[in-house]
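Shown next, in structure tokens, is the structure this report addresses.
The values are calculated or read from the model by the stated rules, or taken from the named source; none is laboratory data. Model, not experiment: these values are computed from the prediction. We place every Cβ from the backbone using ideal geometry, glycine too, and count neighbours over all the protein chains shown. These area figures cover heavy atoms from the full protein model, side chains too; ligands, DNA and RNA do not enter into them. Shrake-Rupley method; radii C 1.70, N 1.55, O 1.52, S 1.80 Å.
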Amino acid sequence: MTDPHHPLAASQAQRSGNAAGPALAERLARAITLAGPMPLSQFMGAANAHYYATRDPLGSRGDFTTAPEISQMFGELIGLWLADLWDRVGRPEARYVELGPGRGTLAADALRAMAKAGLEPGVDFVETSPTLRAAQADRVPHAEWHLDLVGLPEDAPLLVIANEFFDALPIRQLVATGEGWRERLVACQDTLFLPIAGDRSFDMIIPRDLLHADPGSILETSPAGVAILRNLAARLLTQGGAALILDYGYEGPAVGDTLQAVRGHAYANPFDTPGEADLTAHVDFATLKEAAEAEGLIVHGPVTQGAFLNALGIEARTEALARAAPDRAEALALDRDRLVDPGQMGDLFKVIALTAPGWPIPAGFA
């Protein structure tokens, strides 16, 4: 995601994923010294590229936990959601595609559930991290891996899942100042990084109702996210299929700074030790929806994750698992609550489905 014209880009692309964190900070500092402050999107892209290439960030020993790692029910329900859609469209040959599949846990659970419903698709993972690819191969050994959407097969409809994928894509931040809206850049003093406002005006792209926001107000955009969604839309329109996007976010545009860093299951300063913490930002679902509709897809939602999983029958699935393993009943209920309760992941996380024209309305969105 690094700007190819920035001095950092060429060296970053050629560096081994085993480079140490301090070395990344030094390279970023050197690039800023040579070319001036860099957009936040470049800083975030370089930091996350290093972060994901050098570790498994998930679980108790990592920095954060995702829904598939909390409970098998999450992946199973998504697998049944896909199988239902596939069945109602006539059971075509299809490919299961996951963007940023983590350890492969969601895919393994979803594929197991799909197989019970008669759907056994080919599997394609879009993943750049060698560390995570190895973990995915343990769980889904027959998968095929790709660095981006370009390598995906073109001969069948695609059933696409993107869970906590878009939040890790680089964002641009615009900040309101006394002289108008400016892009937020990252400057440095030695290897101490700090955000500053640039000189170039961005007033012409600010929504009219936000143009005179208070100084210090932040507006976020994700050109990388929109570009990926448009490329995905082109595939779905040509090949048929559907995509399910689950992430924490909001319906914008809205003012607010959502950039955050997580390290060791605790929040950290996003500008400290780049490449050693997970940098994310809340997803603007309204922008994704608008981009998908502009390309010709049918968009369903967004709905909250809690509403979606409840509609798919997570309560019944919890009860069934508890009957099979009574000693786990309390733990299963806690896991369910973590996924669906409004005060936990239930309301913060949103879900949208994208379908090619002619495909049925997916479950959970009627």
**Request:** Whenever you get a sec, compute what percent of the accessible area on the chain sits on carbon and sulfur atoms (1.4 Å probe).
**Result:** 51 percent
**For the chain, with +1 on Lys and Arg beta carbons and -1 on Asp and Glu, the positive-most of Gln136, Pro253, Ile78 along the dipole** = Gln136
**Solvent-accessible heavy-atom area per residue, rounded to whole Å², over the chain at 1.4 Å** = 43 Å²
**Asked** Taking 0.36 nm per intervening residue step and subtracting the Cα-Cα distance, what contour gain separates Ala266 from Arg91 on full extension?
**Response** 58.6 nm
**Complete:** antiparallel share of DSSP beta bridges within the chain, to nearest 5, in %, is 65 percent
**Item:** Virtual spin-label span in nm between Ala333 and Leu237, 7 Å along Cα→Cβ
**Value:** 5.0 nm
**Item:** Magnitude of the charge dipole, segment 254-366, Cβ model with Lys/Arg +1 and Asp/Glu -1, debye to 20
**Value:** 340 debye
**Request:** Return the loop-located GluC sites (Glu not before Pro) in segment 103-210 (DSSP other than H, G, I, E, B) with at most 14 other Cβ atoms within 10 Å of their own Cβ; answer none if there are none.
**Result:** Glu154, Glu179
**Request:** Quickly estimate the mean residue ellipticity at 222 nm for the chain, helices only: each DSSP H run with n ≥ 4 gives -39500 (n - 2.57), and the total goes over all residues, rounded to 500.
**Result:** -11500 deg cm²/dmol
